[in-house]
Amino acid sequence: MASVTKLKQDLLARAKSLGFDVCHITPADLPEEIGEKLEKSVQLNRHATMDWMKTTLERRKSPTAMWGEANTAILVGMNYGPDTNPLETLEQKSIATISVYTRNRD
């Protein structure tokens with residue numbers, strides 16, 4: 001058990017060293033309802049122009065659908081928000097405001 005804990009600590013430290021803000025380790029098998037929610041979202045066209053969501057839906061419903069041997073999933077996340085409040089620029093009519101997610105940092 002100690003080696004598993006050490007491995008988890010090493011993975012979390014490595015994710016932080018690579019610049020990720022969040023790292024979680026979880027079982028790869030998801031409840032079926034998660035995949036069903038994704039499917040419903042795609043059926044309602046909530047995937048916008050990301051057509052790959054529709055064409056790869058079946059394998060995206062669960063990590064084990066993509067990788068049958070998977071036991072564990074490592075999830076990482078990175079905050080791509082700016083250091084300053086982007087809404088403040090809305091008050092400044094002399095400059096343009098570009099949506100945070102389109103600033104090409106991800």
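The values are calculated or read from the model by the stated rules, or taken from the named source; none is laboratory data. All values derive from a computational prediction rather than experimental measurement. Virtual Cβ from ideal backbone geometry, glycine too; neighbours counted across all protein chains shown.
Brief remarks follow.
- Residue that is nearest to Leu11 (Cα to Cα), among those in region 26-55 that are among the β-branched types (Val, Ile, Thr) and free of Cβ contacts under 8 Å to residues at least 12 places away in the same chain: Thr55
- When residues in region 48-89 are screened for being over 22 Å from Glu33 (Cβ atoms) and aromatic (Phe, Trp, Tyr), 2 of them pass.
- Evaluation of Asp106 against (1) under 27 Å from Ile25 (Cβ atoms); (2) modelled with pLDDT under 90; (3) surrounded by 10 or more Cβ atoms within 10 Å (Cβ to Cβ) (one fails), failing number: (3)
- Top-ranked residue of region 1-52 - restricted to ones that are of a type in the set (Lys, Arg) and within 24 Å of Glu69 (Cβ to Cβ), ranked as modelled with the highest pLDDT: Arg14
- Extreme residue, farthest from Phe20 (Cα to Cα), among residues of region 49-103 that are among the aliphatic types (A, V, I, L, M) and loosely packed, with under 10 Cβ neighbours inside 10 Å: Ile95
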